[in-house]
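Notes follow the structure.
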Amino acid sequence: MAMTLITTNSESNATTSDFTSSIDSTYKLYVFKFYDVGPATDEVSFGFQGNASSQSGYNETMTTTMFWADHNESGGGYSLAYQAGSDQAQGTSFQPLNTTIGSAADESISGELFLFNPSNTTYVKHFYGTSNAYYPGGDNYSVNGYVAGYFNVTAAITNIQFKMSSGNFDGTIKMYGVG
């Protein structure tokens, strides 16, 4: 299956990165790839939320789950852990894509988010994401994050927004259609 680049958002000191057009019935799968997204504020998380057709506020109901694998910079510590605090059970918050991220020049997040059949008006809209981030706490960890879930709405999801839990960020986010 071919990936078609639809939109590139190159952000500099942005509060959000919005995809407000071209999420429609053209493709059954949309992929968002984010590259070297670095926060201005230390120890914040990078997340996403959606809007259903004709809605506003980026507050659609989601059910999600999250886990991550980490390894510290010194080579002495590692883990694989379920992150219950990052789950949503019919929540409307922005969904984190990984742990908190540091704001130093060598600290950022990169990854991808897959959104399935967002224009369907019968079923929920499934998604999953994978990412790698630099966690600045303690021994400086590289963290692979995994999140999955669904928007619990039957209306079409037509907008996706990415943002940090606090503060601004720099980075590039690209939206592709797969078909």
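Read the figures in this text as sums done on the coordinates, not as results from a lab. Note that the structure is predicted; figures quoted are calculated from it, not measured. Every residue, glycine among them, receives a Cβ derived from its backbone with ideal geometry; neighbour counts consider all protein chains shown.
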In the Gaussian network model of the chain, springs joining C-alpha atoms below 10 Å, which of 121, 65, 158 carries the largest mean-square fluctuation?
121
What number comes out for the charge environment of residue 170, summing +1 per Lys or Arg and -1 per Asp or Glu over other residues with Cβ under 11 Å away?
-2
I need the peptides 68-80, 9-21 ranked by packing, meaning the mean over residues of other C-beta atoms within 10 angstrom, with the highest value on top.
9-21, 68-80
Here P(r) for the chain, Cα-Cα distances in 5 Å bins, as whole percents, is 2, 9, 18, 21, 20, 15, 9, 4, 2, 0, 0
When the dipole is taken about the Cα centre of the chain, and only Lys, Arg (+1) and Asp, Glu (-1) are charged at their Cβ, what size is it in debye, to the nearest 20?
720
For the chain, build the charge dipole from Cβ charges (+1 Lys, Arg; -1 Asp, Glu) around the Cα centre, then report which of 65, 168, 104 sits farthest towards its positive end.
65
Inter-part distance where the stretch 105-153 and the stretch 1-15 are each reduced to a Cα centre, Å
16
